[in-house]
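Below: the structure, in structure tokens.
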Amino acid sequence: MNLLYSQDEEALRDSLRDLLRTRAGSPDDGFDAEVWRLLTVELGVTGLVIPEKLGGAGASLREAALVMEELGRFLTPVPYLGCAVMAVTALRVAGDTAILPRIADGSVCAALAVPFAGPAGDVRVTDGTLTGRLESVADALAADVLLVPAGGDLYEVAADGPGVTRTPVVSLDVTRPLVDVALSAAPGRRIGPARPALGAARTAGAALLASEQLGVAEWCLDTTVEYARTRIQFGRPIGSFQAIKHRLADVWVSVTQSRAVARFAAGAVSGADPDGAEPRLAAALAQAHCGPVAVRAAEECVQLHGGIGFTWEHPAHLYLKRAKTTSIALGTAAAHRRQLAGLLGLTPAGTP
Amino acid sequence: MTDVRELARAFRASVPTDDPVEFLRARFDAGLAWVHYPAGLGGLGLPREQQAIVDEELAGTPSNDPRRIGIGLGMAAPTVLRHGTPEQRRRFLRPLWTGEELWCQLFSEPGAGSDLAGLATRAVRDGDGWRVTGQKVWTSMAHRARWAILLARTDPDLPKHRGLTYFVCDMTAPGVDVRPLRQLTGEAEFNEVFLTDVFLPDDLRLGAVGEGWAVARTTLMNERVSIGGGSLPRGGGLIGMLTSLWTDRPDVRTAAAHDEMMRLWVAAEAARLTGVRARQQLAAGDPGPEGSAVKLAFAELAQRITGLELELRGAEGLRHDDWTMRHGEAVDFEGRSPTYRWLRAKGTSIEGGTSEILRNIIAERVLGLPAEPRTDTTVPWRELPR
Ligand SMILES: Cc1cc2nc3c(=O)[nH]c(=O)nc-3n(C[C@H](O)[C@H](O)[C@H](O)COP(=O)(O)OP(=O)(O)OC[C@H]3O[C@@H](n4cnc5c(N)ncnc54)[C@H](O)[C@@H]3O)c2cc1C
């Protein structure tokens, strides 16, 4: 598998950077409607993975992974992961033709109504209406459509329709807000079976989250290196002290590895079956490696900036919060290692 | 554009494989040794990635052992190609590649390892050649080598980097004394080499007098570029030995070891993919610094993996296979006991530049962090503390 970036991807990266660079510093409510409009309508990146006949670009998750990288680097507060990666993957697997075209043209933002971390919620179906509660759902605040798994099927529910309440929670990561969703006899349209759609969405989400984590880690490394080059103490730049050099070299080594792993994961889920054994292995590997690397890079960023790294004013804390959150959401590194062990047949102790 | 697959197939069909050396010589002469080298020197001037096609087509034919000829292949050859005269290239490259002549590296000295440019071995003009005197150490394969790459001081009055000259040393010349140096595994891969008034004709000098450091940089860069791990399959190499133990021996399993093994599996796969990506970059003509990341990562991994294996084996891990002194030809990670592997792995973070030096290089050359203040680069070598 080719782990490099294609020329098209590099071109996409350039246009994304031009757009995102000017928007650094995220608003407090965790959603930048104007950037989202530019991304969806002007650049059309929400439709990257949507087939051309449904109005999308017919590209693959590899290109979407590149978008995730840049959104991670700039911590852009938009629901790309939830809508353009996870919801779109679920809808593609479910064979939807109604919602996808509207995501492609930017008129609809969809979100999977599942907890960002932890076990799936519990929603009952009675007479075609849905009732239940889902905690800590990501990317649902700005959504027009919720995709709700209930009774083994996936349903489309209007996010501000009757019987739907979304309550924002105070989340650790202020740039990716979470909401609690309460459904009380909310009307829903059945799309298809939930299990394959959710499985593929989770695998694609975990695989591409690694690219976001790569972007986060790269920002942390670049920013810290720049600081270490210019901050003078004891008459020398602090970056000339070996204690600091070696820590940054170690971060560079692990970030370099994250790049290979994230590219591999993106490639692996881009095939025909995004939830096959190889994609699941690649996604678990990616979360087991890239999550902890982003946390470490962000921690070093805070520490090596000294006091300023501990302030609200410096953006380091936003990256720290994003890194830690993503290393828990969609499964911790430890959970992914267990999953890998299962896929590799390396059974735990006590089992024959 | 040359179709190397066709060439390799035609070559295979027409050259008999019953005499391995003759076959390898013919392969070199056909330009199928290292296709990215110039025509006439074992190559065809093609992109490096095409070598994989040749190797695939010639699989199963007689081959040289890259572990045995590693120093020649990875370090001497690129240096001779880049800095050698046409005559030197013609003389050295063919037998180097066929394995008929082995090479070693006479760089490290008791007083100069990481600080290679501080070395003390002297080379003094003598008519149409040089007289070399000094002591080298940790020299892998010196006891088998026909030739050596040698760095020596030709002007002690200049600052240390400027007074060096690079030579090819004739290991059969009078005055070259090779003595095995036993290492902590019990065997001797490496040697001490004493050079006493060794005469080297001037046509064994590689590059200009006083330009030794620039030539050595070519060698060292290639040493780091020769990416650790080669092209292992997923789950292969040392991690494969650990997971086989786990699979075959339910009695060694513990809950804590399970998670540690999986951490190592993830780390090994991440390092392996980084190597794959680095080779793809190289093939695309854009060699990055990723090779250093791979070397650092594998050095640490080898130690952690082999350490965990010993712990899993418990009482078995207390027993070694054999302390008999061997004067070997190649590192044997697969054929020996787990204790050997664990001990040998301690060398991975020292050989070819220590992990600390590699971190310095990454920090300064890749990340662009400022160098530490130095006092040793402007004074004459003679005046430096040693
Ligand atoms: C298995 C093996 C095979 C080898 N084969 C060869 C060979 O074939 N030919 C050859 O020429 N050499 C060979 N070497 C030698 C090897 O290149 C040197 O051992 C190595 O460069 C370190 O030098 P040194 O041993 O003098 O240690 P030193 O340079 O004295 O280092 C001692 C310790 O100090 C640390 N240190 C030194 N300088 C710094 C610094 N600036 N910052 C931070 N830490 C520092 C080192 O990392 C190390 O931990 C081999 C070594 C081994 C282990």
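General remarks:
- Accessible area per residue (1.4 Å probe, heavy atoms of protein chains only) ranks A:D250, A:D8 as A:D8, A:D250, with the largest value leading.
- Residue-count net charge about A:Y155 - beta-carbon cut-off 10 Å; Lys, Arg +1, Asp, Glu -1: 0
- In units of the compact-protein estimate 2.2 N^0.38 Å, region B:63-105 shows a Cα radius of gyration of 1.05.
- The mean count of C-beta atoms from other chains within 10 Å of the C-beta of residues in B:290-299, rounded to a whole number, is 3.
- Here region B:170-210 is scanned for amide nitrogen atoms under 20 Å from the site 7 Å beyond the Cα of B:A120 along Cα-to-Cβ, giving B:176-179, B:181, B:191-198.
- Dipole magnitude of region B:270-322 about its Cα centre (Cβ charges: Lys, Arg +1; Asp, Glu -1), debye to nearest 20: 240 debye
- Of the peptides B:298-310, B:211-223, the ranking by mean beta-carbon count within 10 Å, highest at the top, reads B:298-310, B:211-223.
- Degrees, to the nearest 10: A:61-74 long Cα axis against longest axis of chain A: 50 degrees
- Positive-pole candidate from B:V198, B:P289, B:L46, dipole of chain B, charges at beta carbon: B:P289
- Put simply, the C-alpha atoms of region B:206-282 give a gyration tensor, and the ellipsoid matching it has half-axes of 40, 13, 10 Å, longest first.
- Chains B and A, summed buried accessible surface - 1.4 Å probe, Å², nearest 100: 3700 Å²
- Three-way shape call for region A:1-54 based on the alpha-carbon gyration tensor, with the a/c threshold at 1.5: oblate
- What chain A shows is 38 Å² of accessible area per residue, with the surface traced by a 1.4 Å probe over protein heavy atoms.
- D_trans [Stokes-Einstein, Kirkwood Rh over alpha-carbon pairs] for the protein assembly as shown, 25 °C, 0.890 mPa s, µm² s⁻¹: 85 µm²/s
- Charge dipole magnitude, Cβ of K and R +1, D and E -1 - the protein assembly as shown, Cα centre, debye nearest 20: 900 debye
- Cross-link pairs exceeding 26 Å between alpha carbons, from the set A:K321/B:K346; B:K136/B:K346; A:K321/B:K295; A:K245/B:K136; A:K324/B:K346; A:K324/B:K295: A:K321/B:K346; A:K321/B:K295; A:K245/B:K136; A:K324/B:K346; A:K324/B:K295.
- Considering only A:A200, A:F241, A:T131, the residue lying farthest towards the positive end of the dipole of chain A is A:F241, judged by Cα position with unit charges set on Cβ.
- Given a 1.4 Å probe and the protein chains as shown, B:V4 ends up with an accessible area of around 0 Å².
- Pairs of alpha carbons in region B:281-335 separated by more than 12 Å make up 79% of all such pairs.
- Lys/Arg +1, Asp/Glu -1 at C-beta; region A:201-352 dipole; positive extreme among A:A260, A:L318, A:L344: A:L318
- Percent carbon-and-sulfur accessible area, chain B, ignoring ligands, DNA and RNA, probe 1.4 Å: 53 percent
- Scanning chain A for cysteines with no neighbouring cysteine C-beta under 4.7 angstrom from their C-beta gives A:C83, A:C109, A:C290.
- Protein-only accessible surface at a 1.4 angstrom probe places the residues A:T22, A:T347 in the order A:T22, A:T347, largest first.
- The C-alpha atoms of chain A define a longest principal axis, and helix A:316-328 lies at about 50 degrees to it.
- Take each residue in B:350-359, count the other chain C-beta atoms within 10 Å of its C-beta, and the mean is 2.
- Where GluC sites (Glu not before Pro) fall in DSSP loop in region B:351-386, at most 14 other Cβ within 10 Å: none
- Overall shape: oblate for chain B, with the ratio a/c of the largest to smallest alpha carbon gyration tensor axis at 1.5 or above and b/c at least equal to a/b.
- Crossing angle, helix A:277-304 versus chain A [Cα axis fit, 0-90 degrees, rounded to tens]: 40 degrees
- Taking Cβ atoms as reference points and 13 Å as the exclusive limit, the residues near B:W246 contribute a net charge of -3, counting Lys and Arg as +1 and Asp and Glu as -1.
- Protein-only accessible surface at a 1.4 angstrom probe places the residues B:D251, B:D155 in the order B:D251, B:D155, largest first.
- The mean count of C-beta atoms from other chains within 10 Å of the C-beta of residues in A:237-250, rounded to a whole number, is 6.
- Helices meeting the span-like rule in chain B (full DSSP H runs, Cα extent of at least 27 Å along the helix axis, mean Kyte-Doolittle score of -0.5 or higher): B:255-283, B:290-313.
- Taken along its three principal axes, the alpha carbon spread of chain A comes to 74, 55, 39 Å, from the longest extent down to the shortest.
- Converting the Cα gyration tensor eigenvalues of region B:1-91 into ellipsoid dimensions via √(5λ) gives semi-axes, longest first, of 21, 16, 12 Å.
- Amide H to amide H distances under 5 Å link A:L154 with A:I191, A:G192, A:A194, where only residues 5 or more positions off or on other chains count and H is placed in the peptide plane.
- Cα gyration tensor shape of region A:30-69, rounded if a/c is under 1.5, else prolate or oblate by comparing a/b with b/c: oblate
- In summary, the convex hull built on the alpha carbon positions of region B:237-386 has an orientation-averaged projected area of 13.8 nm².
- Solvent accessible area, Å² - B:K295, 1.4 Å probe, full protein context: 40 Å²
- Dipole check for chain B: with +1 at the C-beta of Lys and Arg, -1 at the C-beta of Asp and Glu, and the Cα centre as origin, the magnitude is about 420 Debye.
The values are calculated or read from the model by the stated rules, or taken from the named source; none is laboratory data. Bear in mind that the values here come from a model prediction, so they are computed numbers and not experimental data. Glycine also receives a Cβ, built like all others from the backbone with ideal geometry; neighbour counts cover every protein chain displayed. Each accessible area value is taken on the protein alone, full model and side chains, heavy atoms only, with ligands, DNA and RNA left out. Shrake-Rupley method; radii C 1.70, N 1.55, O 1.52, S 1.80 Å.
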